[in-house]
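Written below as structure tokens is the structure these notes are about.
The values are calculated or read from the model by the stated rules, or taken from the named source; none is laboratory data. Quick caveat: nothing in here was measured; it's all calculated off a predicted structure. Positions of Cβ are generated from backbone atoms using ideal geometry, with glycine treated the same way; all protein chains shown enter the neighbour counts. Note: areas computed on protein heavy atoms with side chains; ligands, DNA, RNA excluded. Shrake-Rupley method; radii C 1.70, N 1.55, O 1.52, S 1.80 Å.
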Amino acid sequence: MATDTTTQSYSEQWYWDDRYTNESEPFDWYQKYSSLAPLINLYVPLRNHPVLVIGCGNSAFSEGMVDDGYEDVVNIDISSVVIDSMNKKYSDRPQLKYLKMDVRDMKAFEAASFDAVIDKGTLDSILCGSNSRQYSTQMLEEVWRVLKDKGVYILITYGAPNYRLRLFEESCSWTTKLHVIDKSLTEQPLETPKWELTKPISLDAEENSVESAIGKSPDVHYIYVCTKDESLKKTEADAT
């Protein structure tokens, strides 16, 4: 188990440079592509449109996307060590691009550049560190900026709705759907999964609606599909 001191370092470049210098084997946080593919296919149906994977690390997730037909998968990470390594590893896969970049400042990308942004653990890492509220807001605002209107930010996280929904509401104009997946789900799908991955969990006004649907303290990863909605921003501006 990671110590509190370690988790507080998750938002720091030096931590990841050191980790990837000493750990070269591929590692996927939370879930592998094969287990999430049905959901990715549902919300990112166009294989030839650009997708951004943030905090990519040395995960094989993006390789799985390309094997599944996605043609333009851009990956960023704060660690130059892992970006150099991944560029070498996938030098023969033009569909995969790797760039060193801080997700809180993605000015190298123009606004409305991507149809989807996928996040497996990056927001969680930032929330573990210092100035977490400021940095998480900066990150979400940048994600919103680089997405096309009606583009999706797909967040796979351990953060329950009472923690994560508030962040979305305070940052940008999103419409949000919630899905869940069993934490123990590996590359081999369960014959009878407890929850249907592609079926959203209700997010109505009742705070206990999610708990009533999936139980208290369920052993799941939460998946938030946040759709950028510029019309909501205009509505908010008109109301002020």
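Roughly how much of Ile78 is accessible, in Å² to the nearest 10, using a 1.4 Å probe?
For Ile78, the solvent-accessible surface is approximately 40 Å².
Sequence gap at least 6, Cα distance under 8 Å: using those rules, report the relative contact order of region 64-109 to the nearest whole percent.
Answer for region 64-109 is 44 percent.
Connecting C-alpha atoms closer than 10 Å in a GNM of the chain, tell me which of Glu12, Glu141, Glu25 has the biggest fluctuation.
Glu25
Express as a percent, rounded to the nearest 5, the fraction of DSSP beta bridges in the chain (both residues included) that run antiparallel. Before the final figure, lay out each step's value.
Numbers: 17 of 36 bridges.
Antiparallel: roughly 45 percent of the beta bridges in the chain.
What pairs in Lys97/Lys199; Lys89/Lys177; Lys194/Lys233; Lys88/Lys228; Lys100/Lys120 have C-alpha atoms more than 25 Å from each other?
Over 25 Å Cα-Cα: Lys97/Lys199; Lys89/Lys177; Lys194/Lys233; Lys88/Lys228.
So for Ser62, Ser113, what's the accessible-area order with a 1.4 Å probe, most first?
On the way: Ser62 5, Ser113 35 Å².
From most exposed to least exposed: Ser113, Ser62.
Given a 1.4 Å probe and heavy atoms of the protein chains only, how would you sort Tyr158, Tyr163, largest accessible area at the top? Intermediate results must be reported in sequence, preceding the final value.
Details: Tyr158 110, Tyr163 140 Å².
Largest accessible area first, the list is Tyr163, Tyr158.
Under a 10 Å cutoff between Cα atoms, tell me which one of His221, His49, His179 has the largest fluctuation in the Gaussian network model of the chain.
The residue that fluctuates most here is His49.
Under the rule of -39500 (n - 2.57) per DSSP H run of 4 or more residues, summed and divided by the residues of the chain, what mean residue ellipticity at 222 nm is obtained, to the nearest 500 deg cm²/dmol?
-11000 deg cm²/dmol
Just in region 53-146: which trypsin sites (Lys or Arg not before Pro) are loop by DSSP and have at most 16 other Cβ atoms within 10 Å?
On the way: sites: Lys88, Lys89, Lys97, Lys100, Arg104, Lys107, Lys120, Arg133, Arg145; in loops: Arg104, Lys107.
Those that pass, being in a loop and sparsely packed, are Lys107.
Relative contact order for the chain: what percent, with Cα pairs under 8 Å and sequence separation of 6 or more?
Numbers: 408 pairs, mean separation 47.9, N = 240.
Here the relative contact order equals 20 percent.
Express in Å², to the nearest 10, the accessible area of Thr137 obtained by rolling a 1.4 Å probe over the protein heavy atoms while all chains stay in place.
40 Å²
Sort Met101, Met139 by accessible area with a 1.4 Å probe, largest first. Numbers along the way, then the final one.
Numbers: Met101 25, Met139 0 Å².
Ranked list, largest accessible area first: Met101, Met139.
List the equivalent ellipsoid semi-axes of the chain in whole Å, largest first, each obtained as the square root of 5λ for an eigenvalue λ of the Cα gyration tensor. Kindly include the intermediate steps, with their values, before the conclusion.
On the way: eigenvalues 132, 94, 78 Å².
Semi-axes, largest first: 26, 22, 20 Å.
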